[in-house]
Amino acid sequence: MAALDIAPATGKLGILTPGMGAVASTAYAGVIAARMGLAAPIGSLTQMAHIRLGERSEGRNPLIRDFVPLASLDDLVFGGWDPISPNALEAARTAGVLTNEDLAPLSAELEGVVAMDAVFDQRWVKNLDGVRVKTGASKWDLAQQVIADIERFKAENECDRLVMVWCGSTEAYQEPSEVHESIESFEAGLKASDPNIAPSEIYAYAALASGVPYANGAPNLTIDLPAMEQLAIQNGVAITGKDFKTGQTLMKTILAPGFKARMLGLRGWYSTNILGNRDGEVLDDPENFKTKEVSKLGVLDTILQPELYPELYGNIDHVVRINYYPPRGDNKEGWDAIDIFGRMGYPMQIKVDFMCRDSILAAPIVLDLALFLDLAQRAGQSGVQEWLSFYWKSPQAGPVGPEHDIFIQQIKLKNTLRQWMGEEPVTHAEDE
Ligand SMILES: NC(=O)c1ccc[n+]([C@@H]2O[C@H](COP(=O)([O-])OP(=O)(O)OC[C@H]3O[C@@H](n4cnc5c(N)ncnc54)[C@H](O)[C@@H]3O)[C@@H](O)[C@H]2O)c1
């Protein structure tokens, strides 16, 4: 198997996040803490996972980061835009994810990550009042301002390469419209300030126009649109999305493949969440919740394949609720009531109560996505990176549709890395 020609990860990699809230500030903090030797980068495959190469008997199990040429943590620089947070330290304090004690050694570096003025429009996020917001004659003009921000950031921080990871709020629900159909219609729409162009799409356009890979951490459509996919291919840029797979959906994509593997039936899955962070406040608006709901609901059907197994999975009530409950802050509680059935249709119940920490789970994903996207870009890949489906609640995929089963996603991710490096994929068929 011939290896791809992958450019080395020399120089600095800038990670730009539109949105500097709980997830982004925890992601920066985690990297800085790991760099200072204060905390292991738990949760990041790029830092902690090993990958088996060849037959089991060969005993070759390097760390992924020793196997593929990833940017080193020492070479990362952070930047971002936010309409509210002035800098990453303030963002971290507001988010309340990390204690003051944990923030103290990181505070100088975090404070130095100053938010750039955002492209923000309250029509898309009703429950937030933006104060650091760009103004411009048109959406085209705003996109040009973001392009200028990108160039300035790259020059000032002497970066060799950049990646952009959306860590901003979930925007109001939208369906693709005519303006999203082609690069030409989208650019005309920017110039005419078409109301169907959301702020996240302006950042994404600016990134792709600048040759910067883009990962979409929210369920917003953003790059899951023909115009953006075309632009990514045209400009040779890698993209991936959407909606970080963290708490409840992570559990769902771990459990559901297990039920299916044992041919156990499923009658219903009721998921509810209480959370009290800014994300919860944004999702309290029905329009923003709908974007999230669509993303969360897609998972079960694809894993369980009701078209192949109608008697097991043809009649499922799948309900997802999110309730804003300030006392919990970022420490979300996700309950699942799962109704399964076995031989002769006898019902059984499983209850999962995941007392999770949303941003602690999302932050390692931000790092992995940034490093893997940068790798893909250096490996000459462009367009949608399906091998990164592992990280997404609602993976962006080609015409055959997404793969949601986390174990298949993991195999696909690792086999992609093996193939790019000229190693044989592992099929587990051998018994060595
Ligand atoms: N934490 C998780 O486990 C998780 C999982 C999946 C998806 N997400 C998504 O990740 C995103 C970030 O989550 P969070 O918990 O950090 O939320 P947060 O509310 O703490 O941070 C989001 C930040 O984005 C800013 N923002 C809003 N609109 C913006 C714009 N147009 N440009 C720039 N900044 C903008 C807000 O001011 C806020 O500071 C949300 O969309 C959330 O739904 C989070």
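The values are calculated or read from the model by the stated rules, or taken from the named source; none is laboratory data. Note that the structure is predicted; figures quoted are calculated from it, not measured. Backbone-built Cβ (ideal geometry, glycine too); neighbour counts: all protein chains shown. Accessible surface areas use protein heavy atoms only, side chains included; no ligands, DNA or RNA. Shrake-Rupley method; radii C 1.70, N 1.55, O 1.52, S 1.80 Å.
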- Note on the structure: Among the range 51-71, those whose backbone N falls under 14 Å of a label point 7 Å along Cα→Cβ from Phe407 are none
- Task: Using DSSP, restrict attention to beta bridges with both residues in the chain and report what percent are antiparallel, rounded to the nearest 5.
- Result: 45 percent
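Give me the extension gain from Val131 to Met348: residue separation times 0.36 nm, minus the current Cα-Cα distance, reported in nm with one decimal.
On the way: separation 217, 0.36 × 217 = 78.12 nm, distance 5.14 nm.
Once the chain is fully extended between Val131 and Met348, it gains 73.0 nm.
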- Message: Counting only other residues whose beta carbon sits under 13 Å from that of Ala22, what net charge do I get with K and R as +1, D and E as -1?
- Response: -1
- What accessible area per residue, rounded to a whole number of Å², is obtained for the range 179-273 using a probe radius of 1.4 Å? 29 Å²
- Message: Between Asn100 and Ser72, what is 0.36 nm times their sequence separation minus the Cα-Cα distance? Round to one decimal in nm.
- Response: 7.4 nm
- Which order do peptides 26-34, 223-231, 339-347 fall in by mean Cβ count within 10 Å, highest first? 26-34, 223-231, 339-347
- Query: Could you state the number of Å between the C-alpha centres of the range 240-277 and the range 351-379?
  - Reply: 16 Å
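So what's the net charge close to Ile64: Lys and Arg +1, Asp and Glu -1, counting the other residues with Cβ under 10 Å from its Cβ?
Numbers: positive: Arg65, Lys414; negative: Asp66, Asp368.
My count for the surroundings of Ile64 gives 0.
Enumerate by residue number the GluC sites (Glu not before Pro) in the range 279-319 meeting two conditions: DSSP loop (anything except H, G, I, E, B), and at most 12 other Cβ atoms within 10 Å of the site's Cβ.
On the way: sites: Glu281, Glu287, Glu293, Glu307, Glu311; in loops: Glu307.
Passing both the DSSP loop test and the Cβ count: Glu307.
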- Measure off 7 Å from each Cα along the Cα-to-Cβ vector at Lys290 and Ile254, then give the distance between these two points in nanometres to one decimal. 3.3 nm
- Taking the dipole about the Cα centre of the chain, with the C-beta of Lys and Arg at +1 and of Asp and Glu at -1, give me whichever of Tyr313, Val125, Thr291 is farthest to the positive side. Tyr313
- What is the extension gain from Ala7 to Phe341, computed as 0.36 nm multiplied by their sequence separation minus the C-alpha to C-alpha distance, in nm to one decimal? 115.1 nm
- Item | Within the chain, helix-based [θ] at 222 nm, where runs of 4 or more DSSP H residues each add -39,500 (n - 2.57), nearest 500 | -11500 deg cm²/dmol
- Rounded, prolate or oblate: which fits the range 103-235 when a ≥ b ≥ c are the square roots of the eigenvalues of the alpha-carbon gyration tensor, with rounded for a/c under 1.5 and prolate only if a/b beats b/c? prolate
- In the range 85-144, with Lys and Arg counted as +1 and Asp and Glu as -1 at Cβ, which of these residues, Leu98, Met116, Ala137, has the Cα nearest the positive end of the dipole, that is, farthest along it? Ala137
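Could you work out the local net charge near Ile350, counting Lys and Arg as +1, Asp and Glu as -1, over the other residues with Cβ closer than 9 Å to its Cβ?
Working: positive: Lys351; negative: Asp336, Asp339.
Neighbour charge sum, excluding Ile350 itself: -1.
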- Task: Determine the dipole magnitude for the range 1-153: charges of +1 sit on the beta-carbon of Lys and Arg, -1 on that of Asp and Glu, nothing else is charged, the reference point is the Cα centre, and the result goes in debye to the nearest 20.
- Result: 300 debye
- Determine by what factor the alpha-carbon radius of gyration of the chain differs from 2.2 N^0.38 Å, reporting the quotient. 0.97
